[in-house]
1. Filter region 235-269 down to the residues that are over 18 Å from residue 194 (Cβ atoms), within 16 Å of ligand 1 (Cβ to nearest atom) and assigned to a loop (DSSP other than H, G, I, E, B) and list them by number.
2. Name the single residue that is farthest from residue 475 (Cα to Cα) among those in region 395-412 being exposed (fewer than 14 other Cβ atoms within 10 Å of the Cβ) and in contact with a strand residue (DSSP E or B) (Cβ under 9 Å, 6 or more places away or on another chain).
3. Residue 19 versus (1) in a loop (DSSP other than H, G, I, E, B); (2) closer than 15 Å to residue 110 by Cβ: which is the lone unmet condition?
4. Suppose the filter is within 13 Å of ligand 2 (Cβ to nearest atom) and open to solvent by less than 40 Å² (accessible area, probe 1.4 Å); does residue 264 pass it?
5. From the list 43, 4, 31, exactly one residue is surrounded by 15 or more Cβ atoms within 10 Å (Cβ to Cβ) and part of a helix (DSSP H, G or I). Which is it?
6. Looking only at region 473-483, decide whether some residue is within 26 Å of residue 229 (Cβ to Cβ), touching an Asp or Glu at 6+ places or on another chain (Cβ under 9 Å) and open to solvent by less than 10 Å² (accessible area, probe 1.4 Å).
7. In this structure, does residue 221 turn out to be more than 23 Å from residue 367 (Cβ to Cβ), hydrophobic (A, V, I, L, M, F, W, C) and away from ligand 3 (no atom under 16 Å from the Cβ)?
8. Return the only residue of 331, 324 being away from ligand 2 (no atom under 15 Å from the Cβ), of a type in the set (Ser, Thr, Tyr) and either assigned by TED's automatic domain parsing to the domain that holds residue 446 or open to solvent by 40 Å² or more (accessible area, probe 1.4 Å) (or both).
Amino acid sequence: MTTIKISHDVLKDDILVLGLASTNSKGGLVIESGDLALDTKAILAALKDVGATGSTDEVIKIPGSAARLMVFTGLGKKSNSYGHEVLRRAAGAASRALVGSSSATFALPCSNIENLGAVSEGAALGAYVFNQFRSASKAEHKAALKTITIYSASATKTDAKSVITRAQIIADYTFLVRDLINTPPSHLTPDSFTKKFGAVVKSAGGIKAGLKITIWDEKQLKSAGFGGIVGVGQGSANPPRLLHISYTPKGVAKKRFAFVGKGITFDSGGLALKPALGMEVMKYDMSGAAAVCAATLAIAALKLPVAIETWAPLAENMPSDTATRPSDIVTIFGGKTVEVLNPDAEGRLVLADAMMKAQSSKNKLDGMIDVATLTGAQITALGTRTSAVMGNNEDLQSSFLDASKRCGEAFWPMPLPEELRASLDSPVADLANIGDKYGGMLVAGLFLKEFVSPDLPWLHLDIAGPAYNEAKPHGYTPIGGTGIALRSLVTLVESL
Ligand code: BES
Ligand code: MN
Ligand code: ZN
C-alpha cells in the first residue's frame, strides 16, 4: 500500500523527484521543480554530463545537493502548462524507478488543482509491484515505493487535500483491480472473486457506507434462469457466480447507473480451445468485472451522489464433458435463446444475462455501462493502449469520452453498423453467438445491443488490449493488469 501526502515544509526525504524538460533541439535542458526553489546551474551541468535529454519516460538519478538523491523524470518539450497526462506519466515513471525505496518527495510543476491531482495520481499508480506469489525469489524483488510526498505551496488548502484523498482512493482501488487481474486462476475462481469483494465491501464500511453485496451460486443461477452464465461455467470444476454490489448514496441520488463487467476468471476457449501460445494471459478475462466492482467502491469512498448497481457475471470457460457444445442453445435471463456456435465467444453470453438482470430491477436506470475484454478484434482495430466505446446514446458517449480524456485513459468511439446485425441470425434460435468475421468488435457490440432496452442510454467498453500490459512498463502502467476503465467510470460519475 502506498500512502500519498502533501507538504510545503522543508524537505524531509532523502529522495527528491524533479521534472526535466528540453528547451530546444540542441540539447537545452530546464529543471521543472514546481513550488520548490532550486539553484540549478551545477545540477544542469551534471545532467548534461550524464546525457539527460528530458524526453518522456526517461528517468535519471544523480547524487543530490538539495537531497541525497535527485531523480529527474522527463516531461518532453518545455511548456508553461504541462498536460495532466504528461505529468501523470512522468510522476509514475519516477515511482517505478524508485522501487525498493521507502519514501520520496515529488516537486513537479502543478500550476492548478487538476495537475496537482495528476501528479499525485501518477506517482501513486506507478508505485505498484506484484510479488504476492514469490517465495524464494522474494528477496531479489524489491517492494514498491511506500510513502509519496507531494511538495506544493497549496498544501494547506482544502481542495488540495481533497485532491490528494481522491488520488489515494483511485490508487488503492486500481491496485485492487491489478492484483485481481494478476492473480492466476489457480488462486482466483468465480467463488473466491465474490469472497474477495465480500471482504473489501466489509472493510469499506458495508451498509454504513451505502454498500450492499448479493451473490448467486450455481444452483440459484440455474433456477433463476441465467442460461448464459450457467452454460459458460458448466465445463469447469469451479462453478459460476453472479455478484451484485449496490451503492446507495446518503440523501437523494441524482441519478442511478448500472455497471456490468465481464468476469471470466480464465478463458481457455472452452471446446473451441485456444492455442497454447498466449492462452496464459486469459487470466485477465475478468478485468471488466474487477474494474466495475472496484470503481463502485471508489465511488462510494468518494461519497458521490449517484446510485450504482454493479453486476459481475463470473465463470471459468473450460473444455470438459460437461462443457457447452457448439450448437447448444442457451436461454438468457428474460427468455431470449442463443445458439452457441462458438464457445469461445463466451463473454457476450454472461454479459447478456447480467445486463438483462440489471434492467429488471424496479429502480429506473439513467444509464448502463458494460466493461469487457470482449474481442481480439478490439486489439486488431485499436492496438493495446486504446480502448473502444460503443453505444446507443451520443450524449452519454460524449460525456464518457470527456471524462476519459480528463483522467488520462484513451478511449475511441466505434460504430454499431445495423447491416452487421443480420450476421447474428441463427437458423434455430433467436440469435447466434457469433456473426460476420470482419468487424468482430462491432458484431460483439451488436450482440449485446440485443439485450438493451432501446430507451436506456447504454455504453459498451471493449478493453481487450489496454486491460493487460504484456510489453514493457511505461509511465504509471506496470507490466500485467493495468486497471483501465476504473478512472473513466469514476470521473464520469463525478461529472453527472
Ligand atoms: N476473451 C476473449 C477476447 C480476448 C482476446 C481478450 C484476446 C483479450 C485478448 C473472448 O472471449 C474471445 O475469445 N473472443 C473471440 C470471439 C470470437 C470467437 C467471435 C475472439 O475475439 O477471437
Ligand atoms: Mn473467449
Ligand atoms: Zn473471453
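1. Selection gives 235, 268, 269.
2. For region 395-412, the residue satisfying everything is 398.
3. Tallying (1) in a loop (DSSP other than H, G, I, E, B); (2) closer than 15 Å to residue 110 by Cβ, residue 19 fails exactly one: (1).
4. Spelling it out, residue 264 is indeed within 13 Å of ligand 2 (Cβ to nearest atom) and open to solvent by less than 40 Å² (accessible area, probe 1.4 Å).
5. Unique residue meeting the criteria: 43.
6. Yes: one or more hits.
7. yes
8. 331
The values are calculated or read from the model by the stated rules, or taken from the named source; none is laboratory data. Predicted model only: the values in this text are computed from it and were never measured. Backbone-built Cβ (ideal geometry, glycine too); neighbour counts: all protein chains shown. Note: areas computed on protein heavy atoms with side chains; ligands, DNA, RNA excluded. Shrake-Rupley method; radii C 1.70, N 1.55, O 1.52, S 1.80 Å.
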